[in-house]
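For reference, the structure is listed below as structure tokens.
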Amino acid sequence: MPREPMIAPSLLSADFARLAEESRRVSDADWLHFDVMDAHFVPNLTFGLPVMAAVQAVSPVPLDCHLMIENPERWAPGYAEAGAGNVTIHAEAAADPRAVARDIRAAGALAGLALKPGTPLEGFLDVLRDFDTLLVMTVEPGFGGQEFIADVLPKVRRARELVDAGHLTLFVEVDGGINADTIEQAAAAGADVFVAGSAVYGADDPGKAIEALRAQAAGAMPA
């Protein structure tokens with residue numbers, strides 16, 4: 001079956017004073033990307049579990065929680081228990097990623113593993129068998145509005161090859177600098193979930209922006 005591109009607008013680009021309304025503005029999205037940063041693993045501080053639970057209660061689409069935090073084994077299951085659709089931890093932060101994935105899944109969410117731009121895929125191929133999502137960072141994690149790093153696309157291509165060959169069963173997600181100028185590159189490389197911040201929330205009509213990005217990605221995906 002042909003793959004369908006999924007668009008996940010990032011609340012990092014939304015108006016923090018109006019998160020409930022901002023979540024509803026992207027009701028045409030597939031997931032709503034929710035960036036959790038602890039000012040330790042990355043040099044920024046954003047949302048935590050209470051805010052996530054509040055947004056999840058009103059969001060028209062599943063929350064895609066990206067935990068850029070230390071000690072994910074301690075915190076990740078709570079996001080799943082609070083109703084997140086997908087909970088992603090960083091490979092660089094987890095002592096035992098497989099154990100965290102089991103806990104996330106047991107709590108009812110999909111489990112994701114994120115890789116920074118400089119982290120090779122090869123060291124995590126066996127680990128990824130226990131995950132539902134691979135998040136390839138196309139910027140350095142920590143801040144929105146950065147420029148897309150095309151040098152990581154071979155990592156996306158390799159992941160897609162492994163999925164297509166049946167070695168892995170997961171979504172291939174990209175996050176960072178995704179917009180009308182870059183989404184086709186990421187789609188052609190094999191991504192199927194696209195995190196877009198300002199490209200959606202900075203648009204006059206977020207719904208139309210989502211539709212346009214989805215169409216661009218679909219047109220660029222390999223047959």
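Here each label is just a point 7 Å from Cα along the line to Cβ, and for GLU92 and LEU125 those points are 2.3 nm apart.
Between GLN146 and GLU184, how high is the FRET efficiency from 1/(1 + (r/R0)^6) when r is the Cβ-Cβ distance and R₀ = 30 Å? Nearest 0.05.
Numbers: r = 19 Å, r/R0 = 0.63.
Efficiency at R0 = 30 Å is approximately 0.95.
Using 0.36 nm per residue and subtracting the Cα-Cα separation, the extra length available between GLU161 and ARG102 on full extension is 18.8 nm.
Put in line by how crowded their Cβ is, counting other Cβ atoms within 10 Å and starting with the fewest, MET37, MET68 read MET37, MET68.
Taking the Cα centre of segment 6-220 as origin and charging only Cβ (+1 Lys, Arg; -1 Asp, Glu), how large is the dipole, in debye to the nearest 20? Walk me through the intermediate numbers first.
Values: 15 positive and 31 negative charges, 56 e Å.
The calculated dipole for segment 6-220 is roughly 260 debye.
Among LYS155, LYS208, LYS116, the order by Cβ neighbours within 10 angstrom, fewest to most, reads LYS208, LYS116, LYS155. For the chain, the antiparallel share of DSSP beta bridges with both residues in that region comes to about 5%.
No lab work stands behind these numbers, since they all come straight from the coordinates. What you are looking at is a predicted structure, and each value in this text was computed from that prediction instead of being measured. For neighbour counting, all protein chains shown are included, and Cβ atoms are generated from backbone atoms with ideal geometry for every residue, glycine included.
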